[in-house]
Amino acid sequence: MPVRLRKFIGTILIIVLVVVYALVANTIAVATLCNAPWWGHLLYFLLTGLLWVLPATTPNGDTGSTTS
């Protein structure tokens, strides 16, 4: 598979991941945090805002840069 095609598919998959993750995270927040204090909301959105990065990183540590 050509590198350009692989990168294009990876880009589309990451965009889909972010959209689905945001929808799921907000659905969970609406369902569970309705009576939580402000710091509960802050902690939840801080953690969920950072957690999406884990599945979006590549397993081999490739950053996508072309320079060595």
With the requirement that a residue be open to solvent by 100 Å² or more (accessible area, probe 1.4 Å) and among the β-branched types (Val, Ile, Thr), what does region 16-60 give you?
Val30
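Conditions tested, residue by residue: (1) of a type in the set (Lys, Arg); (2) in a helix (DSSP H, G or I); (3) free of Cβ contacts under 8 Å to residues at least 24 places away in the same chain; (4) in contact with a Gly (Cβ under 7 Å, 6 or more places away or on another chain).
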site: Arg6; (1), (2), (3), (4): yes, yes, yes, no
site: Ile9; (1), (2), (3), (4): no, yes, yes, no
site: Ile14; (1), (2), (3), (4): no, yes, no, no
site: Val20; (1), (2), (3), (4): no, yes, yes, no
site: Leu23; (1), (2), (3), (4): no, yes, yes, no
site: Thr27; (1), (2), (3), (4): no, yes, yes, no
site: Leu42; (1), (2), (3), (4): no, yes, yes, no
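Could you grab me the full set of residues in region 1-15 that are β-branched (Val, Ile, Thr) and either surrounded by 10 or more Cβ atoms within 10 Å (Cβ to Cβ) or within 19 Å of Val53 (Cα to Cα) (or both)?
Within region 1-15, the first condition is being β-branched (Val, Ile, Thr), and the residues that meet it are 3, 9, 11-12, 14-15.
Matches in region 1-15: Ile9, Thr11, Ile12, Ile14, Ile15.
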What number of residues within region 17-44 satisfy the criterion of being within 24 Å of Pro55 (Cα to Cα) and of a type in the set (Phe, Trp, Tyr)?
2
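The values are calculated or read from the model by the stated rules, or taken from the named source; none is laboratory data. Keep in mind that this is a model prediction, so the values were computed, not measured. Glycine gets a Cβ as well: all are built from the backbone with ideal geometry, and neighbour counts include every protein chain shown. SASA here: full protein model, heavy atoms, side chains in, ligands and nucleic acids out. Shrake-Rupley method; radii C 1.70, N 1.55, O 1.52, S 1.80 Å.
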